[in-house]
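For reference, the structure discussed in these notes is given below.
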Amino acid sequence: MTAPNSETPSPVAPAGDFIRAAVTEDLKSGRFDHVHTRFPPEPNAYLHIGHAKAIWIDYGVARDFNGLFNLRFDDTNPTKEEQEYVDAIIEDVKWVGGKFDDRIFYASDYFDRMYEWAEMLISKGVAYVCDQTADQVSAGRGSLTHPGTVSPFRNRTVEENLDLFRRMKAGEFPDGSRTLRAKIDMASPNLNMRDPVMYRILHAPHHRQGDKWAIYPMYDWAHGLEDSLEGITHSLCSLEYENHRPLYDWFLDQLGIYHPRQIEFARLNMTYTVMSKRRLIDLVKSGAVRGFDDPRLPTLAGLRRRGYTPEAIHDFCDRIGIAKADSTVDVALLEHCLRETLNKIAPRVMGVLRPLKVIIDNYPEGQTEELDAVNNPEDPAAGSRKVPFSRELYIEREDFMETPAPKYFRLSVGREVRFRYAYFLKCVGFTKDPATGEVTELHCTYDPATRGGDAPDGRKVKATIHWVSAPHSLAAECRLYDHLFTKPDPDDVPEGQDFTANLNPNSLQTLSACRVEPSLAAAKPGERFQFERLGYFCVDPDTSAGRLVFNRAVTLKDEWAKIQKKG
């Protein structure tokens, strides 16, 4: 079948994986003369990183073969679907790089056609109205070792089935009182073929169809029909749908309509998180996280808010590849991809998370200098900026130790260090809060001859620390994120507990007294920076006039690179 407006397929097969190899063979053999794929989410939740992999496969195959790509919503369950999810999915697919142009489709737009086809199967004697309850239907399916039990309503006449089905559509019967089932094989080794339900009665308004329908198609009935109607050539889906493929084919065969080719791939599993939409919804509803865009979640909205870029996600998807066998990917690889991406593009700035004041005793009071700071050493074209330096500064509290530990080379009394882009400073004393014993202020001296470099006399220091000017710096809140779960496998729990037992109580640390350099005054939500020595940070949407809020996207420490080096 040739889809309308299809483009010429690529004459040279892109290298890589078994899906592209199969597509190449289909084009060579003449099975298809073009490529047309789709991404078919159900609009009942937000997309997560696993969906990004699926998008990158679905869209990537269409792109590589100069084909077409659809975004299609499988909106067959009105009780769980919302316009909020539709809008979020459209935004996420665009953000992650799936280009569908004007090809947005909805299963609900095909409901009339699906209903006509259902009546056709009833007329052929291969579909029937069943009065069993949902529990009875489930129990009657049998098991992998025992055949199912035939429904007592299986042998109704065509006329009776058509009458009942039309009355179901008219809304005469209550929810759950009847279903339409396909008449296939109750002894099939594939449980999906044991007279599956095609329609159920559901008096619920639909987000697009309103109150038009009192019956709704089941996913397995609708899915293959949608692919057929849209002229999809390659229906790419995750492995859990492999056992559903014979059912999709059976429906298409019975109707005598066009067949796409379905190819399955392994879904994405990742350490320290969950990918189940149901579990993500539970986490949001229980208040364990702040919403579907919480930066601790693997949702695309959460990753975007945390500071991830589409390029980092593309790199991650390319690295994990496409496989047939399920596996679990270390989240450290995703973080590594983000570091590598941001290292090239993120401007460097200085910020202090836990401020400790420094007073330079021999620096002129009221004086301010403008020092040159490099914006990104990975990108010479990024240039430099001016940062103010004054008599009073803030440094990280951990950059001073009253009694230095072995191999601690930062500030302590009598020790000299380099202040980034500035001078050598030596600590000469400190003051404490008499009530708590906490160090509240350092007193230092500076060497004017060491501005921006080394000492003229050749003396060396063993540490360089960052800082901000106290009178010029801006107040900021910084949110530091860790894994949402304490174990790589959240389901690793004692008997009687569920995955929530492994929630990490320290997955979010909020620091409200941070200080950042004044160049960040105009920073906008979504912009990303490297805070020198601290990590990569992204401006959060909670930022408002006079209140900067940053999310730490990822630390500078790269566990993945360390693991690979050891390996």
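Summary of values
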| quantity | calculated |
| --- | --- |
| Filter result for the condition that a residue is under 20 Å from Tyr59 (Cα atoms) and touching a residue at least 12 places away in the same chain (Cβ under 8 Å), over Ala332, Ala288, Ala266 | Ala266 |
| Residue pairs meeting the criteria (Cβ under 8 Å; at least 6 apart or on separate chains; first in the same structural domain as Tyr481 (by TED's automatic domain parsing), in region 293-309; second outside any helix (DSSP H, G or I) and polar (S, T, N, Q)) | Asp293/Thr299; Pro295/Asn551; Arg296/Ser507; Leu297/Thr273; Pro298/Thr273; Arg305/Asn551; Arg306/Asn551; Gly307/Asn551 |
| From the options Asp175, Asp135, Asp220, residue that is surrounded by 17 or more Cβ atoms within 10 Å (Cβ to Cβ), of a type in the set (D, E, K, R) and assigned by TED's automatic domain parsing to the domain that holds Asp253 | Asp220 |
| Count of region 60-70 residues which are surrounded by fewer than 24 Cβ atoms within 10 Å (Cβ to Cβ), touching a residue at least 40 places away in the same chain (Cβ under 8 Å) and in a helix (DSSP H, G or I) | 1 |
| Pairs where the first residue, in region 342-369, is more than 28 Å from Glu527 (Cβ to Cβ) and the second is in a loop (DSSP other than H, G, I, E, B) and not acidic (Asp, Glu), C-beta under 6 Å, 6+ apart | Ile360/Arg391; Tyr363/Arg391; Glu365/Arg391 |
| Residue ID - surrounded by the fewest Cβ atoms within 10 Å (Cβ to Cβ), chosen from residues in region 182-194 that are over 34 Å from the mean Cα position of the chain (by Cα) and more than 16 Å from Tyr219 (Cβ to Cβ) | Pro189 |
| Residue check, Asp249 among the charged types (D, E, K, R), farther than 23 Å from Arg178 by Cα and free of Cβ contacts under 8 Å to residues at least 24 places away in the same chain | no |
| Conditions (1) surrounded by 15 or more Cβ atoms within 10 Å (Cβ to Cβ); (2) within 14 Å of Ile359 (Cα to Cα); (3) acidic (Asp, Glu): number failed by Glu416 | (2) |
| Where Arg528 falls short, out of the listed (1) surrounded by fewer than 18 Cβ atoms within 10 Å (Cβ to Cβ); (2) within 20 Å of the chain's Cα centre (by Cα) | (1) |
| Selection from region 478-501 of residues that are closer than 30 Å to Asp542 by Cβ, polar (S, T, N, Q) and assigned to a loop (DSSP other than H, G, I, E, B) | Thr486 |
| Region 282-336, subset of a type in the set (Asp, Glu), over 19 Å from Gln509 (Cα atoms) and in a loop (DSSP other than H, G, I, E, B), residue farthest from the chain's Cα centre (by Cα) | Asp326 |
| Candidates Gly366, Gly307 - the one that is out of contact with any Ser or Thr (no Cβ under 8 Å at 6 or more places or on another chain) and at pLDDT below 95 | Gly366 |
| Failed condition for Glu240, given (1) in a helix (DSSP H, G or I); (2) at pLDDT 95 or above | (2) |
| Residue check for Thr368: among the hydroxyl-bearing types (Ser, Thr, Tyr), out of contact with any helix residue (DSSP H, G or I) (no Cβ under 9 Å at 6 or more places or on another chain) and closer than 26 Å to Ala476 by Cα | yes |
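Yes/no matrix, rows are residues, columns are (1) in contact with an Asp or Glu (Cβ under 9 Å, 6 or more places away or on another chain); (2) closer than 19 Å to Asn44 by Cβ; (3) touching a residue at least 40 places away in the same chain (Cβ under 8 Å):
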position: Thr145; (1), (2), (3): no, no, no
position: Gly148; (1), (2), (3): yes, no, yes
position: Glu160; (1), (2), (3): no, no, no
position: Ala170; (1), (2), (3): no, no, yes
position: Ile184; (1), (2), (3): yes, no, yes
position: Ala187; (1), (2), (3): no, no, yes
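The values are calculated or read from the model by the stated rules, or taken from the named source; none is laboratory data. From a predicted model like this one, the values you see are computed outputs, not experimental measurements. Cβ coordinates were reconstructed from backbone atoms using ideal geometry, including for glycine residues, and neighbour counts include every protein chain displayed.
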